[in-house]
Amino acid sequence: MRKLLILTAAMLLAAPSAMAADAGNGKTIFARCAICHTTTKGGPNGLGPNLFGVVGRKAASLPSYAYSGALKRSNITWTADKLKSWVMGPAKVVPGTKMTFAGISNPHQAEDVVAYLATLK
């Protein structure tokens, strides 16, 4: 019985972040990002780069966008974890980035935005 309780508790503690991300809510939150970023496959950049297919992409890799030197040198690949950190504070992840957005302070909202970006394939 004790092993079952421990196993159940471990599952409950491990699962929430994976289950909690809501791409639909992320799309709604992303509206503030859409001021600068587009998300259309093959679409143009805005003030910021087009984010279609960003999950799994190497940072500063779109040839049609003028990235900051700091981001070009970052050697980042946009994993879900790295994107969440970026969404929560771009300048903390890459000091010297030209992205002026301060970030989304709510970690659940940041996860939702990343879940939405992951749908853009």
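The values are calculated or read from the model by the stated rules, or taken from the named source; none is laboratory data. The structure presented is a predicted model; accordingly, all values stated were derived computationally and were not measured. When we count neighbours, we look across all protein chains shown, and the Cβ atoms used for this are built from the backbone with ideal geometry, even at glycine.
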Filtering segment 1-28 down to residues that are basic (Lys, Arg) and either over 17 Å from ALA110 (Cβ atoms) or not in a helix (DSSP H, G or I) (or both), which residue is modelled with the highest pLDDT? ARG2
Just to verify a result, which residue in segment 45-76, among those that are within 14 Å of LEU117 (Cα to Cα) and among the hydrophobic types (A, V, I, L, M, F, W, C), is surrounded by the most Cβ atoms within 10 Å (Cβ to Cβ)? LEU51
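Does ALA31 qualify as being under 18 Å from THR119 (Cβ atoms), of a type outside the set (Ser, Thr, Tyr) and modelled with pLDDT under 95?
So ALA31 fails the test.
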Can you tell me which of (1) modelled with pLDDT under 95; (2) not small (Gly, Ala, Ser); (3) not in a helix (DSSP H, G or I) is the one VAL54 doesn't meet? (1)
Restricting to segment 73-121, name every residue that is charged (D, E, K, R) and part of a helix (DSSP H, G or I). ARG73, ASP81, LYS82, LYS84, LYS92, GLU111, ASP112
